[in-house]
1. What are the ³J(HN,Hα) couplings of region 19-30, residue after residue, when phi is run through the Karplus curve with 6.51, -1.76, 1.60 and θ = phi - 60°? Round to Hz, x for glycine and proline.
2. Treating the beta-carbon of each Lys and Arg as +1 and of each Asp and Glu as -1, no other charges, what is the dipole magnitude of region 1-108 about its Cα centre, to the nearest 20 debye?
3. 5 Å is the cut-off here: which amide hydrogens, built 1.01 Å from N in the peptide plane, fall below it relative to Lys86, excluding neighbours closer than 5 in sequence?
4. Give the total of Lys-Lys pairs in the chain with Cα-Cα distances below 18 Å; include a pair only if its members are 8 or more places apart or on different chains.
5. Counting alpha carbon pairs within less than 8 Å and at least 6 residues apart, what relative contact order, in whole percent, applies to the chain?
6. Could you tell me how far the Cα centroid of region 30-52 sits from the Cα centroid of region 55-70, in Å?
7. Putting +1 on Lys and Arg Cβ atoms and -1 on Asp and Glu Cβ atoms, find which of Leu85, Gly42, Val2 reaches farthest to the positive end of the dipole of region 1-97.
Amino acid sequence: QVPLVESGGGLVQPGGSLKLSCATSGFSFSAYIMSWYRQAPGKERELVARITPAGTTIYVDSVKGRFTISRDNVKTTVYLQMNSLKPDDTAVYYCEVGITQNYWGQGTQVTVSS
């Protein structure tokens, strides 16, 4: 079992910001791609952002320019800085790592509403 613990979610007004964290342990964090996914009510889980061990990043088009994924290999934590939040960003956000299988955290709720 690989523990992934997300935190940092909450309720924020449109245009606001949140920073999510995903603390990990139990594997060689610096060697693996880390990802953030989200799932909105009634929708499928979608990839939001991904970061490679070398720091290369990819984003879903809907968050480009607003979200930034980063990693701290000393703290074995991956982050998602979310700016200019929109109501459509409302979802449960999960971090994920693929090792021998895909491991997921429990998720953190992000609600964007006035």
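1. 10, 8, 10, 9, 8, 10, 6, x, 8, 7, 3, 5
2. Its charge dipole is roughly 160 debye.
3. Amide H to amide H, under 5 Å and 5 or more residues apart or across chains, Lys86 pairs with Gly15.
4. Lysine pair count for the chain: 5.
5. On the way: 272 pairs, mean separation 41.5, N = 114.
Relative contact order of the chain: 36 percent.
6. Centre-to-centre distance over Cα atoms comes out at 11 Å.
7. Result: Leu85, furthest along the dipole toward the positive end.
We did not get these values from a lab; they are worked out from the coordinates using the rules stated. Since the structure is predicted, the reported quantities are computational estimates derived from the model, not experimental observations. Note that each Cβ is placed from the backbone with ideal geometry, even for glycine, and that neighbours are counted across all protein chains shown.
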